[in-house]
Amino acid sequence: MTNTLCNGLVKNNNPKSPIEYFELVTVREFPDYSGGTIVDQITSAEQFLDTEHEALDDPFYQIYGKRYEYDTNYKTIFLGEFYSLDKAKEFLYNLTGEIPQIISY
């Protein structure tokens, strides 16, 4: 498996953009009880290993923009889905010019 667990944040330094920062998350697809599928975020190595036998495929990555609204509320904006960690990190780099800060592997 070439994919890995990776969660990260990149601050958006564009003062004209409403997006404060970008979030990179690892997700996996699982079967649900009604015969469909659900996509769930994987936040820890323990969860990554514990759910490996239930997952339908390799993990993949989603990128969200976080926009501050009123007091402490954030609005989440879905920006993209990637099946390669390198492509997700490259997307963030191209948006911000910053190398993503990796939170976990």
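Some points to look at:
- Principal-axis tilt of helix 85-96 within the chain, Cα atoms, nearest 10 degrees: 10
- Of the residues Leu9, Leu56, ranked by 1.4 Å probe accessible area with the largest first, the sequence reads Leu56, Leu9.
- Within segment 1-38, chymotrypsin sites (Phe, Trp or Tyr not before Pro) in DSSP loop having at most 10 other beta-carbon neighbours inside 10 Å: Tyr33
- Residue-normalised accessible area of the chain, given per residue in Å² at a 1.4 Å probe: 65
- The portion of the accessible surface of the chain made up by carbon and sulfur, rounded to a whole percent, is 50 (1.4 Å probe; DNA, RNA and ligands excluded).
- Lysine pair count for the chain with Cα-Cα distance under 19 Å and sequence separation of 8 or more or different chains is 8.
The values are calculated or read from the model by the stated rules, or taken from the named source; none is laboratory data. The structure presented is a predicted model; accordingly, all values stated were derived computationally and were not measured. As a convention, Cβ positions derive from the backbone with ideal geometry for all residues, glycine included, and neighbour counts pool all protein chains shown. Side chains included, ligands, DNA and RNA excluded: accessible areas come from the protein's heavy atoms. Shrake-Rupley method; radii C 1.70, N 1.55, O 1.52, S 1.80 Å.
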